[in-house]
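Scroll down for the structure; my scribbles are underneath it.
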Amino acid sequence: MHFDTLHNQFQAGKLGMWLFLGQEVLFFAALFTAYAVYRGNHTEMFHYGQFFLNWQMGAANTIVLLFSSMTAAWSVRCAQLEQRKGLLLTIAVTWLCAATFMIIKYFEYTHKIHVGSVWGASFNIHDFSELPEKLQKLLTEQGITTTEAANAKLGKDGLGLGTFFAVYFCMTGLHGIHVLVGMGLYAWLFVRALKGSFNRKYYGAVDNIALYWHIVDLIWIFLFPLLYLIG
Amino acid sequence: MTSMTGLLGIIGSLPLARQGSFWFPPQASSVAAGTDLLYDIILWLCVAFFVAICGATALFVVKYRKRPGHKEEKTATHNLMMEVTWSVVPLALLMVVFGISMYWYLEMINPPKDEKVYDITVRGQKWVWSFKYDGDPFDGQMVTPTLHVIKDQPYRLVMDSPDVIHSMYLPAFRVKQDCVPGRYNKLWFRPTMAGEFPLYCTEYCGDDHSNMITTVIVHEDANSWRDAIIKEGDLKNKPPLERGQIIYERNCKTCHTVDGKKSTGPSFKGIWGKEEEMSDGSKVLVDEAYVRESLNEPGKRIVKGYPNSMTPFKFQDHEYEGIFAYLKSLKD
Amino acid sequence: MSDGHAHSHDDHGHGEALPGTIGHVTPASTLIGVFLTLVVLTVITVAAAQVDVGRLNVVGALAIATVKGSIVALWFMHLRYDKRFNFFIMFGSVLFLLWMVGYILFDTKMYQHDMENYRHNKTVDGKPKPE
Amino acid sequence: MAGGVVEKPAGAYGGSTKNYLNETRGIKNWLITLDHKRIALMYLVAVTSALLLGGFFAIALRTVLWDGAVRDPQDLFLGLRIEQMYNRYFTLHGAVMVFLFIIPGIPASLGNFVLPMQLGAKDLALPRLNLMSLYLYWIGAIFFVGVLALGGLDTGWTLYPPYSLGRDTSIPLILALSAVFILGFSSILTGLNFIVTMHRLRPPGMGMYDMPLFLWALYATSLIQVLATPVIGLTLGLSLIEHVFHIGIFLPEYGGDPVLYQHFFWFYSHPAVYIMILPAMGVQSELIATFSRKHVFGYKAIGWSSIAIAVIGFIVWGHHMFVAGQSPAAGLIFSFLTFFVAIPSAIKVFNWVATMYKGSIELKTPMLYGLAFMYLFGIGGLTGLFLASIANNVHLHDTYFVIAHFHMVMVGSTLNAFFGGVHYWWPKMTGRMYNETLAKIACLLVFVGFNLAFMPQFVAGTRGMPRRYANYSDEFTIFHQWSTVGAYILGAGVLLQVIYLTHSWFKGARAPKNPWGAASLEWQSDSPPDFHNFTKPVVVMAAYDYENWEYDANTGGYELRKEVVETGRSIATVHN
């Protein structure tokens, strides 16, 4: 290695990771802007869109990610203190949390696709009775009771929920891809920890992957209220 | 605004435009003189800085060139006063430039409030322009392929596009605005010179982008303006066949031939009443229904072997009638 | 950007670290404490969203999310103990993000009526179309 | 790429026979190398190929534009109408030049080679990442070749929807979008690597203010690369999804807003303009100082103005959209902010001129490019003022004035600096000297051709010649014909360079260690450098301490003064 000290090498890797995280923030910037633009100009779209989202699932996922963030931070601590079992355990728990997150996400996605509440041109409610109950009530109050009428009201002739779901799927989808990448990284980390590659002077990979994992969590901390809560 | 004419002697070989100065096309709108003056101010500012920079460089290259007996001298490596000066002075100059620019830009975007501004609806589509004049002084709508305006009257153009982004550019008026699909864009001007000036599309819009050119005609008075528009725009009082032919010449000719040759789209020769094979393999009879559909939603069913690049058209009933009559006449 | 060429091990803290450890070791109690704080804040966000206070809902939700995000960044991501430059990178990129979001939102709001009128088949001045 | 390096006679010029070029042999060793110098050389070959490909398209375009005749739709060339051909060529010209040549051009080839050596380091901080960047670049390049092979793309390099996304030629489009996405990551990783290296691998005794200004410029460039590039990555990712699934973010028929795309696109692509010019300004600082044998004037002003340009670059993107349907208020604010870019740029130019004052100016080829830069960047930069002032921009937008302006900056300045840099570091990279006479002729051809090609376009543009036109009215013929002649001369100059540089690589005279008397650390290595860069301990000194070096008639180059070698310390008194 061409660094004079391990400390310097560690700091170099860390700086690289931080720059990468800065890059991540701007990678999501366009989507946050798209969200702001469509929400800022079409509040009603988001108001109606929210009926389709299940905030309990979102909240559950938030807790799961927060917990995994803690275990990720803990894995760094374990590496620093050379607690091998603890390291393996925290990495495994982090991975499992990520998997849980994806499973919950899977249920959310399949339900939306089943109902037909998807992106842009494909937005097409299949059946009025499958709409969320609150929304059914609201629409009935306005005299809308059939599938066709609901499509016209919610679809691109009316509120443009297709655009809401485009934003929803793009934001959560890109975030989901990051979670999957994180799972890959933690699987790799587990194997390396199993081989005993890390010690108190050499644990850059544990630290940097944890940093990556925290930013995934951090983005979700914003996505959750923006998409699920404020309508 | 002809400040550069002095240089003309040097570049005498350039054939100057029929009108206008060395740099500019004719100044045919109320903002042209002002923005050209701004251009000249910036130009001379640039010339001054450019001559100073290049002059100093050239002087130093000659004076301090490496030669026997000459050695570099140590001089100061920085000088705060100097650096502040050559940052602040240009900045101040630029703020003046911005001020003038802002003044003329506000002129350009705010139509006069104290007089009647005539609205013209502009539609840019692949690859034709159409200009719609509503009501007064016409009997119903008039649509023309060239833009007609009257000298010294303010106009507001309301623009849209049914397909992709186009941009309307009137060099003689120094104005330009994109036609963006899915929204309105606005542009106003007051022509100050009678005559004919080119009107270009300046946003790339496909194969025939460079052929999407028309003319703006500035009339001296309202009568000649009205007559010209009626002459071009009043199709209702023409026989259907002639109506159809005019519509063909204006809108379809770029992509569809009438002599049987293949172009961007299929030729119209003998197409009426024919069974055409579509890109999805189905067969369709070319009749009133299909022609109407092809005009309104061109991408829906495409004749096999041709690209999906046609723009949607919306016509009035008498215009459809004309189109059908014309296509029928091409049957043999 | 002038952090220079640091050789000093100035950035490891608490006594439980093994000799020669690189970096700051976060105590277990801090990790658990931070996690619980975040959970509490999540509960508050959800609870606050149930009350409709119009625009304030957005502001409140974003404010809490910012607090949560900062907590994650400062403790879980060690920014509190880290090189200041790493903090600047994060801060700078968030600043650019805010500028981008803010400015584009401002602009689209200014021209939105031209899209709305067109979409709802009105004239450019928002009146119903003749014909 | 490795082939044909002739063994150096032992002992000549004080170097050992082993160097980075012949340390190991065979294609495989080059493909898996982590050595920044080899990666830089591979980049150099790749970006030069991209330059020639983009240049080929340029020549083809200029040939079509010799006259403005409207072609008969029946006239086909390779199965396409001339207009269709033209539209594909200008798209590929733009895309190849921007994404494959100018953006990676100076940083990835020259920067990669020089940066670690100017810090006296063995390599970049993250060598594996560096190799990965190169591979990403290659993948992106192959995708572009795929676009070409599949019949090209006619959307313009800006890929504005809805035109770009509504095509039935979707495979080239998908390839192009993916290519830019991948090239973006190549660019991000390079930038990231550079910043880390400059922070962590500076030798003891070298502060930020002792670094050569080329590194400051690369630092500013890297900041933009890291922070702006992801935005275009995601924008094009969204375009891809929009094209395939019609999600309704950009396409108006599904409720989207095409102007939003332009905002996203220019949020990256305006800073990207500074990715293109900043490294060129860095090279310029080195050339002017070295060949004037003067400490650069206003070191801190030049260094910080690079950072200022990078930061201001992020807040002015809207000036590409003055007539696009952006609101007038936004237009005015962006116009106002745009003027501020002029100040740091002007500061640099004034400082370069001041650097030459009372120097000893030697007109070697790199310096000629440096002087050409001063002139072309002068024009390119100053004509930016016309475009920054919004009232004029409305008239000049999307005309040949814009074409001429950005070619003056991107090609005139950046390409010139690239040529200057290649000539300057050529002896170090290859260990050979090029033919000075031919080099000067080529420089003259490039300069004359360039001016002839683009000066008339300013007039044509102001007179109202729109861009991206395959034909035009007669009043513009004369401007286009001058332009076309100029383009041919420029092309001849570039070809001449390729020929004599290739020749010199194999047959050129041996280069001394430091042929120019430059003071930055890379000149303390052998020419070409050892695999580990330096065979002797580096004497750390500030970048412009020229008095540490003296001319040695035996080698034909400069050598470190005896007392500097003995004490291992710079004798210069001036510090930044």
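The values are calculated or read from the model by the stated rules, or taken from the named source; none is laboratory data. Worth saying up front: this structure is predicted, and the values here are computed from it rather than measured. Ideal geometry is used to build each Cβ from the backbone, glycine not excepted, and the neighbour counts take in all protein chains shown. Ligands, DNA and RNA are excluded from the accessible area calculation, which covers all protein heavy atoms including side chains. Shrake-Rupley method; radii C 1.70, N 1.55, O 1.52, S 1.80 Å.
Relative contact order of region B:240-329: what whole-number percent is it, with Cα pairs under 8 angstrom and at least 6 residues apart?
Across region B:240-329, relative contact order equals 37 percent.
Would you mind getting me the FRET efficiency between D:Lys507 and B:Ala56? Use the beta-carbon distance for r and R0 = 51 Å, nearest 0.05. Provide the component values of the computation, followed by the final result.
Values: r = 40 Å, r/R0 = 0.79.
Calculated value: 0.80.
Any chance you could run the full-extension gain for D:Thr437 through D:Val485? It's 0.36 nm times the residue separation minus the Cα-Cα distance, nm to one decimal.
Gain in length upon complete extension: 14.9 nm.
Rounding to the nearest 10 and keeping the result within 0 to 90°, find how far the Cα-based axis of helix D:365-388 lies from the longest principal axis of chain D.
30
Rounded, prolate or oblate: pick one for chain A, where a ≥ b ≥ c are the square roots of the eigenvalues of its C-alpha gyration tensor, a/c under 1.5 means rounded, and failing that, prolate if a/b is larger than b/c, else oblate.
The shape class here is prolate.
Could you check how much of the accessible area of the protein assembly as shown is carbon and sulfur, as a whole percent, using a 1.4 Å probe?
Ligands and nucleic acids excluded, carbon and sulfur reach 64 percent.
For region A:121-128, take each phi angle, set θ = phi - 60°, evaluate the Karplus expression 6.51 cos²θ - 1.76 cosθ + 1.60, and give the result in whole Hz per residue in order, putting x for glycine and proline.
3J(HN,Hα) across region A:121-128, in whole Hz: 5, 8, 4, 7, 5, 7, 8, 4.
From Cα pairs below 8 angstrom and at least 6 apart in sequence, can you work out the relative contact order of chain B, rounded to a whole percent?
Reported relative contact order: 14 percent.
Between the helical axis of D:477-507 and the dominant principal axis of chain D, each derived from Cα atoms, what acute angle in degrees is found, rounded to the nearest 10?
Long axis of D:477-507 versus the principal axis of chain D: about 30 degrees.
Taking a probe of 1.4 Å, how large is the accessible area per residue of chain D, in Å²?
Per-residue accessible area for chain D comes out at 28 Å².
If one takes the accessible area of chain A alone plus chain C alone and subtracts that of the pair, with a 1.4 Å probe, what total in Å², rounded to the nearest 100, results?
Heavy-atom accessible area buried at this interface is about 5000 Å².
Would you calculate the volume per residue, in Å³, of the smallest convex hull containing every Cα atom of chain C?
Normalising the Cα hull of chain C by residue number yields 147 Å³.
Output the Kirkwood hydrodynamic radius of the protein assembly as shown, Cα pairs only, in Å rounded to one decimal.
After inverting the mean inverse Cα-Cα distance, the result is 33.2 Å.
Which is the longest run of chain B containing none of the GluC sites (Glu not before Pro) found in DSSP loop states (not H, G, I, E, B) with at most 12 other C-beta atoms within 10 Å?
Excluding the exposed sites themselves, the longest stretch runs over B:221-332.
With springs only between Cα atoms under 10 Å, which of C:Ile104, C:Ile44, C:Ile32 fluctuates most in a Gaussian network model of chain C?
C:Ile104
Tell me, what is the FRET efficiency for D:Asp474 and D:Asp72 to the nearest 0.05, using R0 = 22 angstrom and their Cβ-Cβ distance as r?
Approximately 0.75, to the nearest 0.05.
Note the count of lysine pairs whose C-alpha atoms are less than 25 angstrom apart in region B:226-267, limited to pairs 8 or more residues apart or on different chains.
5
Once Rh for region B:240-329 is found with the Kirkwood sum over Cα pairs, what is the Stokes-Einstein diffusion coefficient at 25 °C and 0.890 mPa s, in µm²/s?
After rounding, the answer is 186 µm²/s.
Treating only the Cβ of Lys, Arg, Asp and Glu as charged (+1, +1, -1, -1), what charge dipole size does chain A show about its Cα centre? Round to the nearest 20 debye. Don't skip to the answer; put the middle values down first.
Values: 15 positive and 13 negative charges, 178 e Å.
Here chain A has a charge dipole of around 860 debye.
Calculate, for region B:240-329, the solvent-accessible area per residue in square angstrom, rolling a 1.4 angstrom probe over the heavy atoms of the protein chains.
Solvent-accessible surface per residue comes out at 50 Å².
Would you work out which of C:Leu79, D:Gly166, A:Leu154 lies farthest towards the positive end of the dipole of the protein assembly as shown? Charges go on Cβ: Lys and Arg +1, Asp and Glu -1.
C:Leu79
Could you tell me which residue out of B:Phe173, B:Thr214, B:Met193 lies farthest along the dipole of region B:118-233 toward its positive end? Charges go on the beta carbon: Lys and Arg +1, Asp and Glu -1, centred on the Cα centre.
Farthest towards the positive pole: B:Phe173.
Using only alpha carbon positions, build the gyration tensor of chain D, then give the equivalent ellipsoid semi-axes as the square roots of 5 times its eigenvalues, largest first, whole angstrom.
Values: eigenvalues 322, 123, 116 Å².
Taking √(5λ) for each eigenvalue gives 40, 25, 24 Å, largest first.
Would you work out the relative contact order for region D:262-406, in percent, from Cα pairs under 8 angstrom that are 6 or more residues apart?
31
Quick one: what are the phi-derived ³J(HN,Hα) couplings along region D:64-76, Karplus 6.51/-1.76/1.60 with θ = phi - 60°, whole Hz, x for glycine and proline?
Per residue, the Karplus-derived 3J(HN,Hα) values read 4, 7, 4, 10, x, 4, 7, 7, 5, x, 7, 6, 10 Hz.
Could you tell me the largest-minus-smallest coordinate of the C-alpha atoms of region B:118-233 on each of the three principal axes, in descending order and whole angstroms?
Here the spans come out as 37, 29, 22 Å, largest first.
Only bridges with both residues in the protein assembly as shown count here: give the DSSP antiparallel percent, nearest 5.
Of all bridge pairs located within the protein assembly as shown, approximately 80 percent are antiparallel.
Do you know which residues of region D:70-85 lose at least 20 square angstrom of accessible area in the protein assembly compared with their chain on its own, with a 1.4 angstrom probe?
D:Pro73, D:Gln74, D:Arg81, D:Glu83, D:Gln84
Given a 1.4 Å probe, how much area per residue of region B:61-151 is accessible, in Å²?
Solvent-accessible surface per residue comes out at 55 Å².
Placing +1 at every Lys and Arg Cβ and -1 at every Asp and Glu Cβ, with all other atoms neutral, what dipole size does chain B have around its Cα centre, in debye to the nearest 20?
In total the dipole reaches around 1260 debye.
What total accessible surface area, summed over both chains, is buried at the interface between chains B and D, computed with a 1.4 Å probe and given in Å² to the nearest 100?
So the total buried area for this chain pair works out to about 7900 Å².
Sum up the charges of everything whose Cβ sits under 12 Å from the Cβ of B:Arg243, counting Lys and Arg as +1 and Asp and Glu as -1, but leave B:Arg243 out.
-3
Quick test of the membrane-span-like rule: which DSSP H helices of chain B reach at least 20 Å along their long axis (C-alpha atoms) with mean Kyte hydropathy at least 0.5?
Membrane-span-like by this rule: B:32-63, B:80-109.
Just to verify a number: FRET efficiency for B:Trp44 and B:Tyr103, C-beta to C-beta distance, R0 = 22 Å, to 0.05?
Computed FRET efficiency for B:Trp44 and B:Tyr103 comes out at 0.75.
Would you tally the net charge around B:Val284, using a Cβ to Cβ cut-off of less than 12 Å, leaving B:Val284 out, and scoring K and R as +1, D and E as -1?
On the way: positive: B:Lys274, B:Lys283, B:Lys300, B:Arg301, B:Lys304; negative: B:Glu275, B:Glu276, B:Glu277, B:Asp280, B:Asp287, B:Glu293.
Around B:Val284, the surrounding residues sum to -1.
Just how large is the dipole of region D:417-576 about the Cα centre, in debye to the nearest 20, putting +1 at every Lys and Arg Cβ and -1 at every Asp and Glu Cβ?
Roughly 420 debye, rounded to the nearest 20.
Evaluate the distance, in nm, between pseudo-label points positioned 7 Å from the Cα of D:Thr17 and of D:Trp304 along their respective Cα→Cβ axes.
5.4
Which of rounded, prolate or oblate describes region B:172-257 when judged by the alpha-carbon gyration tensor and an a/c cut-off of 1.5?
Oblate, because a/c is 1.5 or more while a/b does not exceed b/c.
Treating cross-link reach as a plain straight distance, find the aspartates and glutamates whose alpha-carbon is under 12 Å from the alpha-carbon of C:Lys129, omitting any fewer than eight places away in the same chain.
In chain and number order, the partners are B:Asp134.
Could you state the angle between the C-alpha long axis of helix D:416-430 and the longest principal axis of the C-alpha atoms of chain D, as a value from 0 to 90 degrees rounded to the nearest 10?
Relative to chain D, helix D:416-430 is tipped by roughly 40 degrees.
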